[in-house]
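Just below is one structure, and these are the notes that go with it.
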Amino acid sequence: MDSAVEHCRNELSQIRTGRATPALLDTVKVLYYGSPTPLKSIANVVAQDATLLVVQPFDKTTLSDIEKAIQTADLGINPSNDGNVIRVPIPPLTEERRHDMVKLVHKLIEEGRISIRNVRKDINNHLRDSEQNHEISENESQFAHDEIQKITNQHIEKLNELSSMKEKEVLGK
């Protein structure tokens, strides 16, 4: 269940909010010596201000490869290479695009909830089988079911908090 929450947190960090955050480029893979390499392992990415990311490669010969990777990453951003660093201006989101992003947030959170519920279902099935095989008593099984439900509710609440925080961030509230 913790991994489902963490997965949602990671997915949500990739969603553009109109602010420049280095996490926007976490999914970018650069073809580096023939193999796809995460951008953050071959360059330093910093947010210079709220609308500009600066990518400074450790090896300047990779500038054009990094620029190409950012362009082809389908993030809706256009990097510019000045010979030393790559500047990535983050355009402001339109109202329509913000609402699309909120829908995506809700979709990702719902997938997380489903994942958590599937874990609960698997555990409950295992408990039921153990009870039927007389490995545990009915009282122990009921107690375990109640505890699993409490844990499930806690994890779903964490997802709800993530959702509301990201929604506020996307809508700029």
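Can you spot a residue in segment 77-100 that is farther than 22 Å from ALA50 by Cα and either in contact (Cβ under 8 Å) with a residue 40 or more places away in the chain or among the hydroxyl-bearing types (Ser, Thr, Tyr) (or both)?
Initially, segment 77-100 is screened for residues farther than 22 Å from ALA50 by Cα, giving 83.
Still in the running and either in contact (Cβ under 8 Å) with a residue 40 or more places away in the chain or among the hydroxyl-bearing types (Ser, Thr, Tyr) (or both): none.
No.
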ask   = Only one residue in VAL85, VAL5 is buried (at least 16 other Cβ atoms within 10 Å of the Cβ), under 16 Å from the mean Cα position of the chain (by Cα) and at pLDDT 85 or above. Which one?
value = VAL5
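Pick out the one residue from LYS168, LYS68 that is of a type in the set (Lys, Arg), at pLDDT below 95 and either closer than 30 Å to LEU31 by Cβ or touching a Cys at 6+ places or on another chain (Cβ under 9 Å) (or both). Outline the logic, then answer.
Numbers: LYS168 fails: either closer than 30 Å to LEU31 by Cβ or touching a Cys at 6+ places or on another chain (Cβ under 9 Å) (or both).
It is LYS68.
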message = Any residue that is touching a residue at least 40 places away in the same chain (Cβ under 8 Å), in a helix (DSSP H, G or I), in contact with a His (Cβ under 8 Å, 6 or more places away or on another chain) and not small (Gly, Ala, Ser) - is there at least one of those in segment 141-164?
response = no
Residue pairs meeting the criteria (Cβ under 7 Å; at least 6 apart or on separate chains; first of a type in the set (Val, Ile, Thr), in segment 48-61; second in a loop (DSSP other than H, G, I, E, B)) = THR51/ALA20; THR51/ILE90; VAL54/VAL85; VAL55/VAL85
inquiry  = Pull out all pairs, ordered by first then second residue, where Cβ-Cβ is under 7 Å, the residues are six or more apart or on different chains, the first lies in segment 102-123 and is under 20 Å from ASN153 (Cβ atoms) and in the same structural domain as LYS166 (by TED's automatic domain parsing), and the second is hydrophobic (A, V, I, L, M, F, W, C) and outside any helix (DSSP H, G or I).
reply    = ILE116/MET1; VAL119/MET1
key: Those residues of segment 72-82 which are loosely packed, with under 14 Cβ neighbours inside 10 Å and not in a loop (DSSP other than H, G, I, E, B), in sequence order   = THR72, SER80
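The values are calculated or read from the model by the stated rules, or taken from the named source; none is laboratory data. Please read all numbers here as calculations on a predicted model, not as lab measurements. For neighbour counting, all protein chains shown are included, and Cβ atoms are generated from backbone atoms with ideal geometry for every residue, glycine included.
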